[in-house]
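Working notes, structure below.
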Amino acid sequence: MFKKIMKGGHRKQSKSDSTDASLYGLGLQGSRNPGSGPNPNVVVNHASRTGAGAPAPNSGASMFPPPMGVMEPLPLFRDVPVSERQNLFMKKLQICCFQLDFSDTLKSVREKEIKRQTLLELVDFIQSGSGKIMEMCQEEMIKMVGINIFRCLPPASHENTGQEAADPEEEEPYLEPSWPHLQLVYELLLRYVVSSDTDTKVAKRYIDHSFVLKLLDLFDSEDPREREYLKTILHRIYGKFMVHRPFIRKAINNIFYRFMYETERHGGIGELLEILGSIINGFALPMKEEHKLFLVRALIPLHKPKPVSMYHQQLSYCITQFVEKDYKLADTVIRGLLKYWPLTNCQKEVLFLGELEEVLEATQSAEFQRCMVPLFRQIARCLNSPHFQVAERALFLWNNEHIVSLIAQNRQVVLPIIFEALERNIQCHWNQAVNGLTVNVRKMFMEMDAELFDECQRQLAEKEGQAREVEEQREMTWKKLADVAAERGGDEMVTV
């Protein structure tokens, strides 16, 4: 009896079973019937962090080409009666669930073309709005989309070789070989989401939190074309499915935390910030405390990671949007920038100075006064930077009329802080352009308040005089020590 049970447990799979399972890309690992959808345990993740049973990387959930003769082209929608189109739609979805191997361009060429044409027809059918698709068809379509796009992402080159991570700006992006099909699947999903025929009450059952999380995982893709589609789709989902909005914001928040405090590597931070820029623009006033916490805990700390230059433009836009929405946040933002101000990275300093100018443009006088002392201490350090681009960018702040007006209103505090830096630049900065710009700023302050300027000159002269006296006293003290040592040690003393 035991032997019979064992034999029954290893029943050879029939050809029909294999075909049914492979219809949804599950191959021999799946045990579902056609139309039952993708494995719910599939987790989209980086290939270097996959768990047991995760699909192979590259292009799709599984790599089982269809048996010859199984994938056949189906008639066009316009060639069948309207009553038959829903059934035809389901059959076309089944064809699109086949997973094909794109690592070999000469493999399954016929099947690849059939699937591509079928995907094109599905996109046209959804886009034309020729008929509202049934709920069951919508469910199967989302399952088909998941089977095609939710997959392991290939590891970065340094993860394969164990080498130190290179600068992301210098790395060649990995281009997904299955993009001819992936693009059409993304296009189908986008057309479904934006379609006026799509009922959100029905669609939210299938485009649920799990689906959204898997979409967000795909933002780590190295292929910029895929990230661009993901950005558009997620933005549309956020706009259409109001029930998902808090969840999407929280999930993006978590991606930022992991990037900042764990990996410092993620391909889609810029795209996620682009989505957030649009979201922030739509925040209602007065701003919720949740949104202010997001600014303080997620956006401002994003200035710290080394690859900030990859996404700084989008980050700067988000930060500026917050200040324009609520000017009272200017002090918080400026102090946050000063907290993460780079010490040794000059290119990063130039980026920070550019962002600082945009924030100051939206800053009111009261907020400016709260942070002007630490702010201009940092600007004074930038004015004296030996890197001419940093010094030049700091001096360009005086080309902004709004910033000049803020400085003029508070010149009694600002000028004494930066006066010494201006004088030092004129006397000894090596770059002629920086020297010329400094002369212009100095002249501006002189015309702004001649009396204050003269007072600053007098104080600087006193300070320099005191410094010379201290230096002379120090030299005299050392000379006395040397004389005493010479008297005691005689010829044995060694002078340096």
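Using the Karplus curve 6.51 cos²θ - 1.76 cosθ + 1.60 with θ = phi - 60°, what ³J(HN,Hα) values do you get for each residue of the stretch 412-429, in whole Hz, with x for Gly and Pro?
Going residue by residue, I get 4, 9, 6, 4, x, 6, 9, 4, 4, 5, 5, 5, 5, 4, 5, 6, 9, 6 Hz, with x marking Gly and Pro.
Quick check: the distance between the Cα centres of the stretch 397-466 and the stretch 342-361, to the nearest angstrom?
So the separation of the two Cα centres works out to 20 Å.
With the cut-off at 23 Å, report for the stretch 269-346 the share of all Cα pairs above it, as a whole percent.
That fraction is 16 percent.
Pop out the ³J(HN,Hα) list for the stretch 387-393 in order, Karplus 6.51 cos²θ - 1.76 cosθ + 1.60 with θ = phi - 60°, rounded to Hz; leave Gly and Pro as x.
Along the stretch 387-393, the couplings run 7, 4, 5, 5, 4, 5, 5 Hz.
What net charge is computed for the residues neighbouring Tyr206, neighbours being all others with C-beta under 11 Å from the C-beta of Tyr206, Lys and Arg scored +1, Asp and Glu -1?
Net local charge, Tyr206 excluded: -1.
Quick one: of Lys292/Lys325; Lys288/Lys328; Lys143/Lys240; Lys115/Lys240; Lys92/Lys214; Lys132/Lys201, which pairs are farther than 18 Å apart, Cα to Cα?
Result: Lys143/Lys240; Lys115/Lys240; Lys92/Lys214 exceed 18 Å.
Find out how many positive minus negative residues lie around Asp79, taking Lys and Arg as positive, Asp and Glu as negative, among other residues whose Cβ is under 14 Å from that of Asp79.
Taking every Cβ under 14 Å from that of Asp79, the sum is +1.
Please calculate how many Å² of accessible area the stretch 256-395 carries per residue, with a 1.4 Å probe and no DNA, RNA or ligand atoms counted.
44
Can you list the HN-Hα couplings for the stretch 319-332, worked out from phi with the Karplus curve (6.51, -1.76, 1.60; θ = phi - 60°), rounded to whole Hz and with x for Gly and Pro?
My calculation for the stretch 319-332 gives 4, 5, 4, 4, 5, 5, 6, 9, 4, 5, 7, 4, 4, 4 Hz in order.
Report in % the part of the accessible area of the stretch 180-238 that belongs to carbon and sulfur, leaving out ligands and nucleic acids; probe 1.4 Å.
Its accessible area is 46 percent carbon and sulfur atoms.
The values are calculated or read from the model by the stated rules, or taken from the named source; none is laboratory data. Remember, it's a predicted structure, so these values are computed and weren't measured experimentally. Heads up, the Cβs are rebuilt from the backbone with ideal geometry, glycines too, and the neighbour counts pull from every protein chain shown. SASA here: full protein model, heavy atoms, side chains in, ligands and nucleic acids out. Shrake-Rupley method; radii C 1.70, N 1.55, O 1.52, S 1.80 Å.
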